[in-house]
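First up is the structure itself, then whatever we jot down about it.
Every number in this text was worked out from the coordinates using simple rules, so none of it is lab data. Just so we're clear, the structure is a prediction, and the values are computed from it rather than from any experiment. Please note: Cβ atoms are built from the backbone with ideal geometry, for glycine as well, and neighbour counts cover all protein chains shown.
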């Protein structure tokens, strides 16, 4: 997915009052403030309470569900090849959240896990550096993960 497409999608969510935060590789680039590598998809942490409206918006702009592992995640693909990977988060009043995982696992989002970054010169909601580092623990890193973790650590993430 290209930077302008990410910004357009995030703007569409904002215009409708839908809460989504850029995650994955694009979130690294957002907190860095520039694109550092190519991205095959756009990962989004989304307000689980708005999932129905988010799916309806994506359907209205040409996305269809290609992987349905809800309530854990859903992958949607557009005919032009854009891919969005949704991760519904149950938000708590204190600003924290929990995302269900496979086999009963859960992923915690701390209240400081949500911030803003910049993609293509536009401010976007995204996951914070500490949150992104927490999500990159406990598994064998691929080359893109090593790239992303290196950038996050340069930003003061440990």
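The mean sequence separation of alpha-carbon pairs under 8 Å and at least six residues apart, normalised by the residue count of the chain, gives a relative contact order of 25 percent. Springs join every pair of Cα atoms under 10 Å in this Gaussian network model of the chain, and among 25, 104, 48 the largest mean-square fluctuation is at 104. The order of 72, 67, going from fewest to most other C-beta atoms within 10 Å of their C-beta, is 67, 72. Going from the fewest other Cβ atoms within 10 Å to the most, the residues 146, 70, 51 appear in the order 146, 70, 51. Set against the labelled values (i) 44; (ii) 38; (iii) 55, percent of Cα pairs over 22 Å apart computed from this structure falls on (ii).
Taking other Cβ atoms within 10 Å as a rough exposure proxy, 21, 26 sort from fewest to most as 26, 21.
For the options 143, 120, 68, a Gaussian network treatment of the chain with springs between C-alpha atoms closer than 10 Å singles out 143 as fluctuating the most.
Just to confirm my numbers, what's the Cα centroid distance between the stretch 100-131 and the stretch 3-48 in Å? Between the Cα centres of the stretch 100-131 and the stretch 3-48 lies a distance of 10 Å.
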